[in-house]
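Novice: Please find one structure pasted underneath; my questions will follow.
The values are calculated or read from the model by the stated rules, or taken from the named source; none is laboratory data. All values reported here derive from a predicted model rather than from experimental measurement. Cβ placement follows ideal geometry from the backbone for every residue including glycine, while neighbour counts extend to all protein chains displayed. These accessible areas exclude ligands, DNA and RNA; they are computed on the full protein's heavy atoms, side chains included. Shrake-Rupley method; radii C 1.70, N 1.55, O 1.52, S 1.80 Å.
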Amino acid sequence: MAAFDPDIEIMYVCRSNLVSRSQVRVIMSETYNRAKLPEAMENDLELVWSDRVSKNPKLYNGTKFRIDSVSFHGDILTLNLGVTCYKEYIGSNWSPRVGQYQTVGRQLSNNPQVHLSDPLGVGSFVLTSDNRVILLRRSVHCGEAPGLWDVPGGHAEPEELVGKKPFEEIDVSTMDSQAVTEEIFDSILREIRDEVNLPQSSLSDPEVLGIARNTTSAGRPSMEFLVRCSLTSEEVVSRYRQGSQAEADESTSIKMLPLEDAVVLKTKNPDLWGKLAPSGKGCFILYGLTNSS
């Protein structure tokens, strides 16, 4: 679905009502893992990863959840998930041959994403008590969108449920689906805490806005949430500037954007819009779609 920005495609949007934690159902299956490419192409993934690590040694190969598809019936949002890892993501979604991988997927499976890692990201439209939205400028050391403005976010982490192990050793069939749902929702609260230095007691339980695909990384999906913060924007900035948060090195500055400016940012402030990371654009677009008449 077009989203009025070339960096973003909408995979799913909660148009009538936002989706709460209790309305999300996860189905875990190895069939939702990335399908292997023909051998010659598959071997290239390791080369792409090695090249990226040589240029940015801070990259870390952690396990991630892979989203295959999504459906909504009644009031239940169902996520069909497998597992992947960051190395697969860099090697497939960021490969210079990714267009070929998508072509193979269309030809063999009628699915251009089937051979891509597509790890599920999480991001949040964090709204303060005085109706300001949090933006962070990403560090130049970040693996993606360095130096751009973004919403707080990251990934849900399988290792929170199964410990640190290669994703190939994870038995997806034994993973507790409810625990995965909890991890997805809990992960965005951790990201806000660790990136902005906000106590989780000041944050509302996340509500799903939808899922956006980042076309600059071959359709990598991110689930975007609305989270309300009981602190004022001044209090948020003060806590951020203490610099004691766990992931302080992932951003360099903070911006508190009035809500009335955020909802018209693309048209009223195209300069700032152009400096938003694709994930931030997806989050803002989804918020706008869920609040449109």
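Novice: Among the listed residues N93, N111, N80, identify the single one that is without any contact (Cβ under 8 Å) to a residue 40 or more places away in the chain and among the polar types (S, T, N, Q).
Specialist: Working: N93 fails: without any contact (Cβ under 8 Å) to a residue 40 or more places away in the chain; N80 fails: without any contact (Cβ under 8 Å) to a residue 40 or more places away in the chain.
Result of the check over N93, N111, N80: N111.
Novice: Do we have any residue at all in segment 163-172 that's closer than 29 Å to T78 by Cβ, outside any loop (DSSP other than H, G, I, E, B) and acidic (D, E)?
Specialist: The answer is yes; a qualifying residue exists.
Novice: Tell me, please, whether a residue that is of a type in the set (K, R), within 21 Å of E160 (Cβ to Cβ) and open to solvent by 30 Å² or more (accessible area, probe 1.4 Å) can be found in segment 80-87.
Specialist: Yes: one or more hits.
Novice: Among what's in segment 41-60 and is of a type outside the set (K, R) and at pLDDT below 90, pick the residue that is surrounded by the most Cβ atoms within 10 Å (Cβ to Cβ).
Specialist: Selected residue: L59.
Novice: Enumerate the helices (runs of 4 or more DSSP H) found wholly within segment 174-266, keeping only those where 2 or more residues are open to solvent by less than 30 Å² (accessible area, probe 1.4 Å) and touching a residue at least 12 places away in the same chain (Cβ under 8 Å).
Specialist: 177-196, 233-241
Novice: Something else now. Restricting the search to segment 48-101, which residues are closer than 16 Å to G154 by Cβ, of a type in the set (A, V, I, L, M, F, W, C) and more than 16 Å from the chain's Cα centre (by Cα)?
Specialist: L59, the sole residue that qualifies.
Novice: Which condition does G123 not pass, out of (1) free of Cβ contacts under 8 Å to residues at least 12 places away in the same chain; (2) open to solvent by less than 40 Å² (accessible area, probe 1.4 Å), if it passes all the others?
Specialist: Answer for G123: the failing condition is (1).
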